[in-house]
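First up is the structure itself, then whatever we jot down about it.
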Amino acid sequence: MPDKAPTRRMVAAGLAVMPFAAQAQPIASAAADVNRSRSSESFADAERALLAGRTPIAAGITLDVPKLSENGNSVDVLIRVDSAMTREDHVRAIHILSEQNPYPRVATFNLTARAGRAEVATRIRLATTQNIVVLAETSRGAVHRAEQEVIVILGACVDGG
Amino acid sequence: MTDITARVTMPTSARKGEIIEIKVLARHTMDRAVDAPGLKPSPRRIIHSFRASYAGEEIFRMALSSGIASNPFISFTTVATETGVIAFEWLEDGGAVYSRAATLVVT
Amino acid sequence: MRAGAALLACCWAVTALAGDVRAPRAFLSPELRTLQDDPARHPGWLWVEQGEALWRAAPPDSGKQACAGCHGDITGMSGVAARYPAVAADGALLNLELRIERCRTEQQGASAYGYESEALLSLTAAIAARSRGQPVNVRVDGPAAAKLADGRLLYSLRQGQLNLSCQQCHEENVGKRLRGDVISHGLGTGYPAYRLEWNGVGSLHRRLRACSLGVRAVQAPFGSPDYLALELFLADKARGLAVEAPGIRR
């Protein structure tokens, strides 16, 4: 374990591997859905399945992705959803979908009111220039949607590495 | 493989009610399945799930696909509620689970 | 007359650039520059992390000490990377990677990690990271002078099917665009670097091999005298600029 002193110092550490027997209560499981995603599933199919008949609200999501990506191997994605994150009304799932990747379902984040803010970030792979779609589901059953094009530009010095 | 290199960046302490940001990085190639003519087929081997618990209760979960970049980076938040262990688990194809833990002191 | 003017123009260009060598980070996009400065998001720090673990671990079965056994805490490596490549007592020009390999085989009685192995990259990154922000200050006098001259020659030598020298891109066309890239001064201060193209950390020699491939020239092996001499020349060119390792590159 790192320094336990109650300081405000940030730890950036390979923390000691600590076996823990915590009885984690699983929250909504999305792993199964993302992992069931097949290349035969189209982007439209994936989005339709996630919407499950609901009409998405085209507001409430800040999707921060670079308009120009320097390399499709690693594209920063930051998602912020407007939500009070209360027990009664919070964002419970955020999905990242890709229009042109072999697998349209890129990731699903599951949150609870304990997050305090509906804000997540990761890095994704983009096969080519395309639209990124984000769907955010709230505990009240609403779905928000945002979309942003990312242009993947090619560098001069690719070595196939 | 018995372990992976991972880094967790978060405050060591926070005031009760404060929202803290947790950033995690793990070293993993996130190998896509190879099944193409002329190439040696190999199965997918990625980190397919990540989860975090705080004092025993799950607070965050992410399902990852092969569309997530190598050496996956994940950032999320949680409200500091009590002094306790925040535990992180990365689940790999094939069943391996890698874990880290850090203590958050809440004042 | 025309030749004289051309020569004059050429000299002017070289001197103007000599005093204006910009750090590699100056050529990064704002996003990558921010990433390079953020250890919480920079994946290169995973290699540093592993390198620090290797620093503390004794080589198995050798009965010899870990790096830390002789050198103490890795913090003591501060400033070392800024002085490499350097000429060893036996006259060989060694970069940080080869210096570590020598320690492995001669002091630790272990087998070499192998150039470009994950272990060697990790240890090199961990040691280099301790010089982050410190000015490059390699020795180019004494026995290093001849190596520097070799490096300078290679830098200006036209190579490959494209018949291009390093200098033609990285001195004469700096700041211009080549496809989606801006041509930099081609300095190695960020290496070992995490390159998005590689999805991982690689050495300067791996990058130089990519340059050789880019001009359709024969790629020299990792750790070859040619790349070592070039590495010394590039370090001399980067004199005074900060070590950026582990860098982030496209």
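The values are calculated or read from the model by the stated rules, or taken from the named source; none is laboratory data. As the structure is a prediction and not an experimental result, all values here were calculated from the model. Positions of Cβ are backbone-derived with ideal geometry, glycine not excepted, and every protein chain shown enters the neighbour counts.
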Seminar exercise, completed: Going through (1) part of a loop (DSSP other than H, G, I, E, B); (2) facing another protein chain (nearest Cβ under 8 Å); (3) surrounded by fewer than 22 Cβ atoms within 10 Å (Cβ to Cβ) one by one, residue B:16 fails only at (2)
Exercise. Which of the residues that make up the range A:57-74 are over 17 Å from the mean Cα position of the chain (by Cα) and crowded, with 18+ Cβ neighbours inside 10 Å?
Worked result: A:69, A:70, A:71
Seminar exercise, completed: Filter the range C:175-201 for residues that are among the β-branched types (Val, Ile, Thr) and at pLDDT 95 or above; the one that is nearest to the chain's Cα centre (by Cα) is C:189
Problem set entry | residue A:88 more than 11 Å from chain B (Cβ to nearest Cβ) and either outside any loop (DSSP other than H, G, I, E, B) or farther than 22 Å from residue B:34 by Cβ (or both) | yes
For this session: Restricting attention to the range A:40-56, report how many residues are surrounded by 14 or more Cβ atoms within 10 Å (Cβ to Cβ), assigned to a loop (DSSP other than H, G, I, E, B) and modelled with pLDDT of 95 or more.
Result: 1
Problem set entry | Filtered residues of the range A:66-85 (kept if in a loop (DSSP other than H, G, I, E, B) and away from chain C (no Cβ under 12 Å)) | A:82, A:83, A:84, A:85
For this session: Return a yes/no flag: does the range C:155-173 have any residue that is modelled with pLDDT of 95 or more, within 19 Å of residue C:84 (Cβ to Cβ) and not small (Gly, Ala, Ser).
Result: yes
Exercise. Out of all the residues in the range C:206-240, which are in a loop (DSSP other than H, G, I, E, B), under 13 Å from the mean Cα position of the chain (by Cα) and away from chain A (no Cβ under 14 Å)?
Worked result: C:223, C:238, C:239
Exercise. Hey, residue B:77 hits all of (1) farther than 18 Å from residue B:8 by Cβ; (2) over 12 Å from the mean Cα position of the chain (by Cα) but one; which does it fall short on?
Worked result: (1)
For this session: From C:184, C:212, grab the single residue that is farther than 23 Å from residue C:35 by Cβ and in contact (Cβ under 8 Å) with a residue 24 or more places away in the chain.
Result: C:212
For this session: Go through the range A:132-160 residue by residue and tally those that are without any contact (Cβ under 8 Å) to a residue 40 or more places away in the chain and out of contact with any helix residue (DSSP H, G or I) (no Cβ under 7 Å at 6 or more places or on another chain).
Result: 4
Seminar exercise, completed: The residue that is surrounded by the most Cβ atoms within 10 Å (Cβ to Cβ), considering only those in the range A:92-116 that are at the interface with chain B (Cβ under 7 Å from one of its Cβ atoms) and under 12 Å from residue B:60 (Cα atoms), is A:111
For this session: Starting from residues that are farther than 25 Å from residue C:23 by Cβ and surrounded by fewer than 16 Cβ atoms within 10 Å (Cβ to Cβ), keep the ones in the range C:158-172 and report whichever is nearest to the chain's Cα centre (by Cα).
Result: C:158
Exercise. Among (1) more than 8 Å from chain A (Cβ to nearest Cβ); (2) closer than 19 Å to residue A:106 by Cβ; (3) at pLDDT 95 or above, where does residue B:52 come up short?
Worked result: (2)
Exercise. How about the range B:25-39: which of its residues are buried (at least 20 other Cβ atoms within 10 Å of the Cβ) and facing another protein chain (nearest Cβ under 9 Å)?
Worked result: B:25, B:26, B:27, B:30
Exercise. Of all residues in the range C:173-201 being surrounded by fewer than 20 Cβ atoms within 10 Å (Cβ to Cβ) and charged (D, E, K, R), which is farthest from residue B:70 (Cα to Cα)?
Worked result: C:176
Problem set entry | Only one of C:98, C:54 that is in contact (Cβ under 8 Å) with a residue 60 or more places away in the chain, among the aliphatic types (A, V, I, L, M), within 14 Å of chain B (Cβ to nearest Cβ) and assigned to a helix (DSSP H, G or I) | C:54
For this session: Within the range B:46-67, identify whether any single residue is touching a strand residue (DSSP E or B) at 6+ places or on another chain (Cβ under 9 Å), in contact (Cβ under 8 Å) with a residue 40 or more places away in the chain and not in a strand (DSSP E or B), and answer yes or no.
Result: yes
Exercise. Out of (1) more than 8 Å from chain A (Cβ to nearest Cβ); (2) in contact (Cβ under 8 Å) with a residue 40 or more places away in the chain, what's the single condition that is false for residue B:8?
Worked result: (1)
Problem set entry | Verdict on residue B:70 being at pLDDT 95 or above and either more than 16 Å from the chain's Cα centre (by Cα) or part of a loop (DSSP other than H, G, I, E, B) (or both) | yes
Exercise. Does residue B:22 meet the test of being buried (at least 22 other Cβ atoms within 10 Å of the Cβ), within 9 Å of chain A (Cβ to nearest Cβ), part of a strand (DSSP E or B) and under 16 Å from the mean Cα position of the chain (by Cα)?
Worked result: no
Exercise. Counting only residues that are facing chain B (nearest Cβ under 8 Å) and of a type outside the set (A, V, I, L, M, F, W, C), which one in the range A:117-129 is farthest from the chain's Cα centre (by Cα)?
Worked result: A:117
For this session: Only one of these is without any contact (Cβ under 8 Å) to a residue 40 or more places away in the chain, farther than 22 Å from residue C:207 by Cα and out of contact with any strand residue (DSSP E or B) (no Cβ under 8 Å at 6 or more places or on another chain): C:114, C:79, C:72. Name it.
Result: C:72
